[in-house]
1. Going through A:546, A:509, A:513 one at a time, which residue ends up being modelled with pLDDT of 95 or more, over 16 Å from residue A:228 (Cβ atoms) and out of contact with any helix residue (DSSP H, G or I) (no Cβ under 9 Å at 6 or more places or on another chain)?
2. Within 23 Å of the chain's Cα centre (by Cα) and modelled with pLDDT of 95 or more: does that describe residue A:224?
3. Report, by residue number, each residue of the stretch A:35-67 that is part of a loop (DSSP other than H, G, I, E, B) and more than 9 Å from chain B (Cβ to nearest Cβ).
4. Report whether or not residue A:203 is more than 18 Å from residue A:338 (Cα to Cα) and assigned to a strand (DSSP E or B).
5. Somewhere in the stretch A:299-315, is a residue surrounded by 24 or more Cβ atoms within 10 Å (Cβ to Cβ) and assigned to a loop (DSSP other than H, G, I, E, B)?
6. Please name all residue pairs, on different chains or six or more residues apart, with Cβ atoms under 8 Å, provided the first residue is in the stretch A:16-32 and is facing another protein chain (nearest Cβ under 10 Å) and crowded, with 21+ Cβ neighbours inside 10 Å and the second residue is modelled with pLDDT under 95 and assigned to a loop (DSSP other than H, G, I, E, B).
7. Hey, can you tell me all the residues within the stretch B:77-97 that are farther than 28 Å from residue B:17 by Cβ and at the interface with another protein chain (Cβ under 7 Å from one of its Cβ atoms)?
8. Residue A:648: surrounded by fewer than 17 Cβ atoms within 10 Å (Cβ to Cβ), part of a strand (DSSP E or B) and at pLDDT 95 or above, yes or no?
């Protein structure tokens, strides 16, 4: 299904494009939010989970006798009691070459990472449940383990999956052109190795699941603060071997942050509803912060070995990147490394590309998508090399970029690789030179170089770093919206996807109101409940604006046509002479002739029981639209940072941060800027502060916020934002995603800036995050830090 | 049947009397119950949220006897005799306070989970004096963690409060 853009709609609208404040805010500001653990569940029992203390071990025995005898404990479950649900939790994205290993909801014979579930205690409250965990005895036989891809790939390394031949999960190569030949003939070739470390999502609300089997309706009701309620419902239906309508999955109205980890599917989501059915009593499980550190999926750890070939003028001739990706103990999905593979070329014309992935199993909690999802690492590899080319040729890094950018008249631009959604990596629209110009118009490069030189003489080290990126967003397969005229004469928009702070209740009311041509006050948006709309995919991969947006637009436009038709029939006039005004449809120029939306609903939806209606009167005024994108739509952006590096302490101060972003048409600038600002903070965390450290054998070293530094208001400067608008031709709103663009370039731009600042020392910045130790090691040439 | 184990006998409960958002009440609570869990589970004030339960993220911040405190690090029994303020007590008669209004106007919240902790930290801070500079705003926000907003909206919200005070001539 190919669609042409109707950008003209943007001009006629009254709500789209306006920076409306949010409908969600009042309840959230007054303590009236509806987060999962805030819901009045009443007498739900509470679960706590015993998790592995070993990165790799065989479980010889689990003794739960004492735990079961604790007063207030209802039941204790191990794999022995959960046979029917010991089934594979399949990865989201697979590959024919994947060294497939089964992931179970709860460990049976082996544990493969610290944090893997071993037993579930259900008790009258969480305090008792946690007491009971202390009474469970596990007899482990510790096995050798690996805490990094480097350890995993060593000859003779312990195997994460006993019986497997290798720790390699998948080895994939994508190529465009003839990279090997180009490397041999390129006038200049540079190479470097870059390491990016693990970090977490750190939604301030952890994961949570509650469930009750309703004996009256014979339906299992699951409350789950997931980003993807329909996905979880389908997984549960498959594992429990029931029809999809026998499960109602509800993502509460408010979810305390997502960022990717809540879009994955976890053992706890299988265990808790099943246990509720087994004990015939409602149960809830609320993840605590320690559990979040050791059991929610993470991301980022990759090691890139990059080679670039270029000519005398800095034109890119060939890019070769071979990278190791830490998959963790199981493959939850290959989306992250496959996104890395195709994000590498970014906004540049590169005739020859070799992108090679070696994904490894390690004895660490599995990795999966996290805001940025494989892109920050790819941008580090690419953009750090752009700076190295500039250094090598003695020209400005911005100039090297300019010479290589894809030009605005080259769209659609086929890169020659395949994107994560299975479609060819073809950029739909963009204006990369305008992004670069946007930065250069805000920074006087010549003046900065003068200031930098003068500062160096006083022992102050300033640096400028740039990073550009292209980001596939709005991926398939589809997303839906159901729009209804209610008996109160209002329009109810139901979305499948659940928000985690993105403001769906506001922005999709804007879209619906404009498509309907009605007062936005008549539109209500609800979301995240499988009983509202049968199918959906969920909130992830910056996909909702470009999938739900068009679905709401289409369904609401169709609903308008139905409403006008009913009014025409009732007013005995032609549809052409009618318009929606306030809460009624009026004859244009004769406002006395009108019929209210409530009356339309009463006649067309409620009807008169058993009575026929005129042939031309539409009935049941509701429309459902599923928008199916043909491919991803490609957002883009640029980050520029100016830093000051203290060579005594290793402290990095960000003096200026500029972010240019292009996500096509903007539905609500307030919300889009909010996404970019939040992403920017996350990117700074990844660049300088956040590090989920592990020992060589997989022991997590940072499992609290005393050890894992999340950025506070002291660390995150206010960036200077600017927008470039290149509408997508691939959806009727011309929109693209904006949820991750703030994060993606920051690790690379900060690293570029720090290396630029430290050029007098010849410092090489090859590892992130840039903690003081790493900065000082780069300045003084100290050996690499050991875990 | 083996003997049951009882870690938490009824004798471990104590009576406490405290004032919460202006209302005085007495409660019979377990000694090990945290103040946060007490407010959420026993009193039903679920607007106070738990983010880390080790005193770092600040989501559970409330005001106890005029000081912003982490309710995850206190036991309910330690609040005996205290006066507690939570997010539910801020807006009166359905009207948002100027701070809450400024948060909305400046998109200072996204998911909203950490918001009540920020609000209570700031209410306590603003009682000590106005927040007039960006540096003061950032300092006053630095005890809490937000993962969604990047803090920019909160800084703007705080500065808008001091600006409007200035315009109204109310600044000390």
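1. A:546
2. Values: within 23 Å of the chain's Cα centre (by Cα): yes; modelled with pLDDT of 95 or more: yes.
Here the answer is yes, as residue A:224 does meet what is asked.
3. If the condition is that a residue be part of a loop (DSSP other than H, G, I, E, B) and more than 9 Å from chain B (Cβ to nearest Cβ), then A:41, A:42, A:43, A:44, A:52, A:53, A:54, A:55, A:56, A:64 are the ones that fit.
4. So residue A:203 does not fit the description; no.
5. Yes; the residues of the stretch A:299-315 include at least one that is surrounded by 24 or more Cβ atoms within 10 Å (Cβ to Cβ) and assigned to a loop (DSSP other than H, G, I, E, B).
6. Listed pairs, sorted by first residue: A:29/B:91; A:30/B:91.
7. Of everything in the stretch B:77-97, just one residue is farther than 28 Å from residue B:17 by Cβ and at the interface with another protein chain (Cβ under 7 Å from one of its Cβ atoms), namely B:96.
8. So residue A:648 fails the test.
The values are calculated or read from the model by the stated rules, or taken from the named source; none is laboratory data. Being a predicted model, the structure only gives us computed values, none of them experimental. Positions of Cβ are generated from backbone atoms using ideal geometry, with glycine treated the same way; all protein chains shown enter the neighbour counts.
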